[in-house]
Amino acid sequence: MRKIKSYLFTGDFLRDYKLAMLLWFGLAFIATMLSFLHHTGINNYMVFRYVFTHTVEQKNLYLFYPQEYGDVNLYGPIFSIVIAPFALLPDALGSTLWVLASAALLFYAIMQLPVKKEIRIGIIILNAIEMMNVASWYQSNALIAACIILGFVFIHKEKEHWALLFILLATFIKIYGIVGLAFFFFSNNKWKFIVWFIVWSAVFFFLPMSISSFHFIVQSYKDWYAGLVQKAALNINTFVQNDFQDISVMGMLRRIFKLTHLNNTFIYIAAVVLFGLQYLQINYFKDIRFRLYLLCSVLIMVVIFSTSSESPTYIIAFPAICLWYFLQNKSKVVTIFFIFAFILTTLSYSDILTPYVRTHIVRPYSLKALPSFITWLIICWQMYTKQFLKIDLQKTTLV
């Protein structure tokens, strides 16, 4: 009993690599099976699968196909190539392997972060429930998170060719993957960065034509743009009826203060200004502590300022909150805030806090975005005031 208490309360469980693998892949697999058996999240996978089928058949990728699935595709044409190996398999096997492959890539990406191994393991364990949430809906957010993180990792390793592959893959799948270009200033060879940007952009633009045609894919990019514009407007106009969407700063303001006609433009401008001011610390671009802080800022920002953010989207933001927490000099205030962030971000959408809390308190007011927003503001302030310079990466602790 004493060993168990010590294991739990000293934080030793956060250093357990075997536990990390068990929770990460075990919960994801269980969530996938339950979702498939109850037909709750498989609709998303059917959308993915038919991106491949419709590309081959040269059918408009962005129309409603109610006989095939109950939503509309919003992924770029390159997704037809990404999903192809899974779409060719029976749905039960293809959907399961899709989830596990996405989980594996994000697991790998987190384990490549330039911090102590125990921090990487801790991030994985604390995000296992978020990964389970993503798995239950067969979402692609784990893939996008992995690509952004790997873009950062490979730029830090001065491997721009790999960095741009992942950054642009995320961008061509879901447009907000473009935030990975924020790491451009960390590259020691910016011309190499630009060259690989052009190369991979061309590859991802033309590659879907290998299973379709030039004219169809060009038209698909036009249709994709129109679909994204329409979806953004829909997220705003239906925020009262659909509280599964717009879990963002704008969604909080609209729902909490009943600001039906809130103009997102002013919030976007403020966010861009605050984010841009972080680059004033130009003397520290090579400092790994500054880089890690900017990574956290990017991962959180892309979620909390997107009207398309859903609960599973926070598999992108919450690893950043965990990384930020592990980098801090621990105090009661910091620890209490992190516990608050973990409860409201992760546990609030589980049955641990009861369905009532989720349905009547958290979801109607987009409160899942609140801890991420607060963390992002703290990160911005710490960047402006150079608080990151106080970090000793060799002495950082989990708790």
**OP:** Among what's in region 373-399 and is of a type in the set (Val, Ile, Thr) and either part of a helix (DSSP H, G or I) or modelled with pLDDT under 90 (or both), pick the residue that is nearest to the chain's Cα centre (by Cα).
**Re:** Thr375
Original post:
So Lys258 clears everything in (1) at pLDDT below 95; (2) open to solvent by less than 50 Å² (accessible area, probe 1.4 Å); (3) among the charged types (D, E, K, R) except one condition, right? Which one?
Top reply: (2)
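On the basis of being under 30 Å from Gly94 (Cα atoms), free of Cβ contacts under 8 Å to residues at least 24 places away in the same chain and open to solvent by less than 50 Å² (accessible area, probe 1.4 Å), does Phe172 make the cut? Walk me through how you get there before you give the answer.
On the way: under 30 Å from Gly94 (Cα atoms): yes; free of Cβ contacts under 8 Å to residues at least 24 places away in the same chain: no; open to solvent by less than 50 Å² (accessible area, probe 1.4 Å): yes.
Spelling it out, it is not the case that Phe172 is under 30 Å from Gly94 (Cα atoms), free of Cβ contacts under 8 Å to residues at least 24 places away in the same chain and open to solvent by less than 50 Å² (accessible area, probe 1.4 Å).
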Original post:
Among the residues of region 99-127, which ones are within 18 Å of Ala142 (Cβ to Cβ) and touching a Ser or Thr at 6+ places or on another chain (Cβ under 9 Å)?
Top reply: Val99, Leu100, Ser102, Leu126, Asn127
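Considering only residues of region 69-83 that are touching a residue at least 60 places away in the same chain (Cβ under 8 Å) and of a type in the set (Val, Ile, Thr), which is nearest to Ala232 (Cα to Cα)?
So in region 69-83, the residues touching a residue at least 60 places away in the same chain (Cβ under 8 Å) come out as 72-82.
Going one step further and asking which of them are of a type in the set (Val, Ile, Thr), we end up with 72, 78, 81-82.
Numbers: Val72: 13, Ile78: 21, Ile81: 25, Val82: 24 Å.
Once the filter is applied, the top-ranked residue is Val72.
Here is a list: Ile236, Ile217, Ile211. Which entry is at pLDDT below 90, surrounded by 15 or more Cβ atoms within 10 Å (Cβ to Cβ), aliphatic (A, V, I, L, M) and touching a helix residue (DSSP H, G or I) at 6+ places or on another chain (Cβ under 9 Å)?
On the way: Ile217 fails: at pLDDT below 90; Ile211 fails: at pLDDT below 90.
The match here is Ile236.
Residues checked against (1) free of Cβ contacts under 8 Å to residues at least 12 places away in the same chain; (2) surrounded by fewer than 18 Cβ atoms within 10 Å (Cβ to Cβ):
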position: Ala320; (1), (2): no, no
position: Ser348; (1), (2): no, no
position: Ile352; (1), (2): yes, yes
position: Pro364; (1), (2): no, yes
position: Trp376; (1), (2): no, no
position: Met383; (1), (2): no, no
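Within region 60-111, track down each residue that is of a type in the set (Asp, Glu) and open to solvent by 50 Å² or more (accessible area, probe 1.4 Å). Break it down into steps so the answer makes sense when it comes.
Here is the first cut: in region 60-111, the residues of a type in the set (Asp, Glu) are 68, 71, 91.
Once the filter is applied, which keeps residues that are of a type in the set (Asp, Glu) and open to solvent by 50 Å² or more (accessible area, probe 1.4 Å), region 60-111 yields Glu68, Asp71.
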**OP:** Go over the candidates Ala103, Ala92, Ala84 one by one and state the one that is in a helix (DSSP H, G or I), among the small types (Gly, Ala, Ser) and under 30 Å from Leu327 (Cα atoms).
**Re:** Ala103
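Go through region 239-255 residue by residue and tally those that are open to solvent by 30 Å² or more (accessible area, probe 1.4 Å), modelled with pLDDT under 80 and among the hydrophobic types (A, V, I, L, M, F, W, C).
Here is the first cut: in region 239-255, the residues open to solvent by 30 Å² or more (accessible area, probe 1.4 Å) are 240-242, 244, 253.
Now drop any that are not modelled with pLDDT under 80, which leaves 240-242.
With the extra rule that they be among the hydrophobic types (A, V, I, L, M, F, W, C), the set shrinks to 240.
Qualifying residue count, region 239-255: 1.
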Original post:
So His360 fits all but one of (1) closer than 24 Å to Leu253 by Cα; (2) within 19 Å of the chain's Cα centre (by Cα); what number is the exception?
Top reply: (2)
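With region 114-169 as the region, which helices (runs of 4 or more DSSP H) entirely inside it contain at least 2 residues that are within 17 Å of Leu323 (Cβ to Cβ) and either of a type in the set (Val, Ile, Thr) or open to solvent by 10 Å² or more (accessible area, probe 1.4 Å) (or both)? Working first, answer last.
Details: elements: 117-126, 128-136, 141-156.
Here the list reads 117-126, 141-156.
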**OP:** Restricting attention to region 278-287, report how many residues are open to solvent by 40 Å² or more (accessible area, probe 1.4 Å) and in a helix (DSSP H, G or I).
**Re:** 5
Original post:
Looking only at residues in region 288-315 that are in contact (Cβ under 8 Å) with a residue 60 or more places away in the chain and outside any helix (DSSP H, G or I), which one is nearest to Thr32 (Cα to Cα)?
Top reply: Glu310
**OP:** May I ask you to verify whether Phe25 is under 19 Å from the mean Cα position of the chain (by Cα) and open to solvent by 50 Å² or more (accessible area, probe 1.4 Å)?
**Re:** yes
Original post:
Taking the condition closer than 30 Å to Lys157 by Cα, open to solvent by 30 Å² or more (accessible area, probe 1.4 Å) and of a type outside the set (A, V, I, L, M), does Asn263 pass?
Top reply: no
Subject >> Exclusive hit being part of a helix (DSSP H, G or I), among the aromatic types (Phe, Trp, Tyr) and under 30 Å from Asp392 (Cβ atoms), set Phe266, Phe318 >> reply: Phe318
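The values are calculated or read from the model by the stated rules, or taken from the named source; none is laboratory data. All values reported here derive from a predicted model rather than from experimental measurement. Cβ coordinates were reconstructed from backbone atoms using ideal geometry, including for glycine residues, and neighbour counts include every protein chain displayed. Heads up: the accessible areas ignore ligands, DNA and RNA and are worked out on the full protein's heavy atoms, side chains in. Shrake-Rupley method; radii C 1.70, N 1.55, O 1.52, S 1.80 Å.
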